[in-house]
Structure formats: C-alpha cells, structure tokens
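Peer 1: Below is one structure. I have some questions about it.
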Amino acid sequence: MSETWREFDLFNPTEEHKMLRETARAFVAAEVEPQALENDRRETFNLPLFRKLGELGFLGLTVPDTYGGTGMDAVAAVIVHEELAASDPGFCLAYLAHSMLCVNNLAVNGSEEQKKRILPKLCSGEWVGAMAMSEPAVGTDVMALETTARRDGGHYVINGRKMWITNGCIDDNGTPADIVWVYAKTGEVNGRTQLSTFVVEKGMPGYEVGQKIKDKTGMRASNTAELVFSDCRVPAGNLVGTEGASVHHMMRNLEIERLTLAAMSLGIARRSLEVMNRYAQERSSFGKPLNHFGQIQRHIGESFAEYRACRAYVYETARRMRLDAGGNRLDSDGVKLITSTLAKNIADRAIQVLGGYGYVGEYVVERLWRDAKLLEIGGGTIEAHQKNITRDLAKMPSALY
Ligand SMILES: Cc1cc2nc3c(=O)[nH]c(=O)nc-3n(C[C@H](O)[C@H](O)[C@H](O)COP(=O)(O)OP(=O)(O)OC[C@H]3O[C@@H](n4cnc5c(N)ncnc54)[C@H](O)[C@@H]3O)c2cc1C
C-alpha cells in the first residue's frame, strides 16, 4: 500500500479539514451543547450563538474570501453540519438554511453587485438569510409553485405565499429574515413553467412574515415561518441571473442541501451511538451490564455498521461534489435517502437501549429522534428521493459501476 493511500483520511482529507473539525467540535462542546435542550423546550432560535458562527468563519464557509467567506469546499460543509448536528440539529438546521440555501446559492449564482453588497453581511452574521421554495399548496411538485413575479418598469412585483421557511422569522416578534432567496413563476414557454429567483430584502414593501409555525415535533431550535408577498416590489437588480432560467440552479442547490442534510443525519446517528454505547456499559440488569445481552448487541452492532457505511457514502459524495456546478443528483438523493432513515432508526434504538431514561430530555436521544424525523421530509421527502433515483438510474445505468 502506498504512503499516500495509507495517510488519506476520507473524513478529514486535508490539514484544513482536520482543523475545521477540531474548531467545530470545541465550539460545540463549549457553546452549543449547554444551550441545546433549553432552546428545544422553549422553541427559540439562539441568534447570539448563531452570530458567533460568523466569527468562526462558518456562516460563509463556502464563499470566496473576496466576499468575506472562508472559501472551503463541500467536504468542509459536511464536517461542520455533522459536528453541529451531533449536539443540536435544530440550531444546525438554521445554520444550513442560512449558509447553504441562501449564502452558498448567492455566492454561486448571484451577480457581482449582489455578491459584493450582500455576502459580507451574511458571512459575518450581521444578516440572517433564508430560502423560500415551498408553498402552502406545493412542496414536492415544485414546478407547480404558484407565487408569481411580473416585470413593472425597473421593478418586479411578487405575489404569493411561501410555507415552512426556516429562518423565515428570526425571533418571536416575527422579525423577518434580512435576505430571502425567493423562487417565483415568471411565465410559461411551451407549457413549461419559467422560474426566476429574487433576492428579497427586509423592508421591501409587501414582504412580511405570515404566521410563525409553532409546536413542531422537532427542530424546535430553528424558527419556521410562512412568508407573504403582497404586491412586493423588488428592484430589477435583485433578479438573480436571467429571467426564467432558475430551474438549473435550483436543482444544483438542492444537491448541496441534500448532502448537508445527510451530514446532519450522520451527526445524529453518531451521537445516538455514543449515548447507547456508554449507557449499555454502565447500566446493569440481571447482574450483567446491558451490553452483555444479545438483543442490545444487535442494536449497537447494526447501528455501528450502518453508520460507518453511510458515513463513507456521504464523504465520498462530498469529495466529488462541486459547489459551483453540482452534477451529482443521483448520489445527493442517495445519501439523503439512506441517512435520514438511518438517523431516525439509530436514535430510536438508542431510546430503546436506555429504556425509560431514553424517553426524557436529559439523555438527549429523544430530542435527536424528534429532530431526525424532519430529515425524512425537509429538502425532499424520502418518497421524492426514491422517485428521483429511479428516474435517474434508468437514464444512467452506468452509475452502478
Ligand atoms: C421544519 C421544516 C423546515 C422546512 N424548511 C424549508 C425551507 O427553509 N425552505 C423551503 O422552501 N421549504 C422548507 N420546508 C418544506 C419542505 O421542503 C417540504 O415540507 C417538503 O419538500 C415536502 O413538501 P410538502 O410538505 O408540501 O409535502 P407534499 O409534497 O404535499 O407531500 C406529501 C406526501 O406525499 C408524498 N408525495 C408527493 N408527491 C409524490 C410522488 N410523486 N410520489 C410519491 N409520493 C409523493 C410525499 O413524499 C409526502 O409523503 C421545511 C419543512 C419543514 C417541516
């Protein structure tokens, strides 16, 4: 075996990645973990803590340094999401919506003027970003979205409602996100919907928060809101790229979204394994530690093997993912499909291994289990991934080899 091969670490391929993971882990232990349970219980987004991610360079992790970012790659994004989600998936979801769905999207697709004006504030944490695709009547069937935008002189006028928007508001007073990346229909050509993207900024007339969505099962440390656009006037300069040409970048951005949601699942799975492994050594029943019982060994053994297989799949997909071009749709659906159910199942087994203690907040795994369920829905449901994989594999059977 060559030296290079032996030294290669799939999960920390360079010294920078290794340092990034150490920084994230230290931050999580010192700052994220102590507040996680309380913000879940209170359903509150920890904005001051979020802004600290800006000081660490995490909020603009994949943005070139010219615009205030850290200039790292998809593997780096996976590392940070994995580490944050191992402690607080709800907080991590708010981070993902900002740094991947809004910031990375703008860095890849925005105009020079948009990037120079907006990105430094998003990278520092002065501004919070969101991405609005889903609507009250349209989720999986995204090309059927109903929000419209029409040109009116030097502006576009947007009308419609967006639903389930993470960071749609940033506090309990209904303060909207500073920047929302909004998809709207701008026409039809040969029966095909033309989608365009707009950067909508806080204070633009006609942009407001509808309802803050309360009482979610999990991900309660992130805010979710409905957004309302009523004759919302947006300067034409806030159109992203060419009118009607957004489908391509929407699909590419969904790939990085799915990859980083898969990284969150890894964090949940790893933490659940840590908890059940330790507990099964410390707790005894019938005069023996729990991990002497075959049924408990099955929970731990199967969880470990499944986690390791999924982790390799996620990092290998990240290694091949180009943030500016995407092009790995099949595997972005694949990693999200396999890891979301993995995370839920491993958290579930951890609760089982802990018995009654697993069912209360102090032991963490009940929160992870509730948070994990969202990953089978948000960013594409598991049925949507099954559909996409089947469609793409029929076109690309060579992907099997
Ligand atoms: C906490 C939270 C945060 C979110 N954050 C954001 C955000 O920041 N931005 C954003 O734009 N959206 C966000 N979403 C929305 C999320 O992406 C959607 O909920 C998701 O895409 C599913 O859409 P839907 O809820 O409308 O379900 P639907 O699309 O109505 O689906 C309902 C059911 O039907 C199934 N189904 C639908 N079509 C098919 C089909 N063709 N074949 C088989 N089964 C099918 C689905 O799999 C699902 O089981 C968030 C959602 C939640 C709950």
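The values are calculated or read from the model by the stated rules, or taken from the named source; none is laboratory data. Because the structure is a prediction, the values reported are computed rather than measured. Ideal geometry is used to build each Cβ from the backbone, glycine not excepted, and the neighbour counts take in all protein chains shown.
Peer 1: Looking at Leu101, Leu106 in this structure, which one is more than 15 Å from the chain's Cα centre (by Cα) and within 23 Å of Val247 (Cα to Cα)?
Peer 2: Exactly one of Leu101, Leu106 is more than 15 Å from the chain's Cα centre (by Cα) and within 23 Å of Val247 (Cα to Cα), namely Leu106.
Peer 1: Which residue is modelled with the lowest pLDDT, if the candidates are limited to region 214-255 and must be closer than 20 Å to Thr166 by Cα and basic (Lys, Arg)?
Peer 2: Arg252
Peer 1: Oh, and also: I'd like the full set of residues that are within 12 Å of the ligand (Cβ to nearest atom) and more than 29 Å from Glu43 (Cβ to Cβ), limited to region 144-193.
Peer 2: Ala144
Peer 1: Search region 158-173 for residues that are assigned by TED's automatic domain parsing to the domain that holds Ala236 and pair each with any residue that is near the ligand (Cβ under 7 Å from one of its atoms) and of a type in the set (Val, Ile, Thr) when their beta-carbon atoms are under 8 Å apart and the residues are at least 6 apart or on different chains.
Peer 2: If the second residue must be near the ligand (Cβ under 7 Å from one of its atoms) and of a type in the set (Val, Ile, Thr), the pairs left are Trp164/Thr224; Ile165/Thr224; Thr166/Thr224; Gly168/Thr224.
Peer 1: Looking only at region 122-149, which residues are in contact with a Gly (Cβ under 8 Å, 6 or more places away or on another chain), over 17 Å from Ser196 (Cα atoms) and surrounded by fewer than 22 Cβ atoms within 10 Å (Cβ to Cβ)?
Peer 2: Correct list: Ser124, Gly125, Glu126, Thr140.
Peer 1: How many residues, within region 67-106, are among the aliphatic types (A, V, I, L, M), in a helix (DSSP H, G or I) and without any contact (Cβ under 8 Å) to a residue 60 or more places away in the chain?
Peer 2: Residues flagged as among the aliphatic types (A, V, I, L, M), in a helix (DSSP H, G or I) and without any contact (Cβ under 8 Å) to a residue 60 or more places away in the chain within region 67-106 amount to 1.
Peer 1: Let me ask you something else. Any idea which of (1) under 30 Å from Leu254 (Cβ atoms); (2) in contact with a Leu (Cβ under 7 Å, 6 or more places away or on another chain) is the one Gly334 doesn't satisfy?
Peer 2: Here Gly334 clears every test but (2).
Peer 1: Would you be able to say whether some residue in region 306-320 is at negative phi and within 16 Å of the ligand (Cβ to nearest atom)?
Peer 2: No: region 306-320 contains no residue that is at negative phi and within 16 Å of the ligand (Cβ to nearest atom).
Peer 1: Turning to a different aspect of this structure: Please go through region 365-377 and give me each residue that is crowded, with 24+ Cβ neighbours inside 10 Å and away from the ligand (no atom under 16 Å from the Cβ), ordered by number.
Peer 2: Val365
Peer 1: Hey, which of the strands (runs of 3 or more DSSP E) in region 136-195, taking only ones fully inside, have at least 3 residues that are in contact with a helix residue (DSSP H, G or I) (Cβ under 7 Å, 6 or more places away or on another chain)?
Peer 2: Fully inside region 136-195 and qualifying: 155-166, 179-189.
Peer 1: Let me ask you something else. In this structure, is Glu7 surrounded by fewer than 21 Cβ atoms within 10 Å (Cβ to Cβ), within 28 Å of Arg308 (Cα to Cα), touching a helix residue (DSSP H, G or I) at 6+ places or on another chain (Cβ under 8 Å) and free of Cβ contacts under 8 Å to residues at least 24 places away in the same chain?
Peer 2: No; evaluated as a whole, the condition is false for this residue.
Peer 1: With closer than 26 Å to Ala318 by Cβ and either at pLDDT below 95 or part of a loop (DSSP other than H, G, I, E, B) (or both) as the only criterion, which of Phe50, Phe27, Phe11 stands out?
Peer 2: On inspection, the qualifying residue turns out to be Phe11.
Peer 1: Give the residue, chosen from Met131, Met204, that is in a strand (DSSP E or B), touching a residue at least 12 places away in the same chain (Cβ under 8 Å), within 28 Å of Ala221 (Cα to Cα) and not polar (S, T, N, Q).
Peer 2: The unique qualifying residue is Met131.
Peer 1: Here's a check for you: in region 224-240, which residue that is within 11 Å of the ligand (Cβ to nearest atom) and hydrophobic (A, V, I, L, M, F, W, C) is nearest to Asp40 (Cα to Cα)?
Peer 2: Ala225
Peer 1: Which of the numbered conditions does Ala221 fail, given that it passes all the others? Conditions: (1) under 30 Å from Val364 (Cβ atoms); (2) of a type outside the set (Val, Ile, Thr); (3) within 9 Å of the ligand (Cβ to nearest atom).
Peer 2: Unmet condition: (3).
Peer 1: Mind listing whichever residues of region 320-348 are surrounded by fewer than 22 Cβ atoms within 10 Å (Cβ to Cβ) and at pLDDT 95 or above?
Peer 2: Within region 320-348, Leu330, Ile338, Thr341, Asn345, Asp348 qualify.
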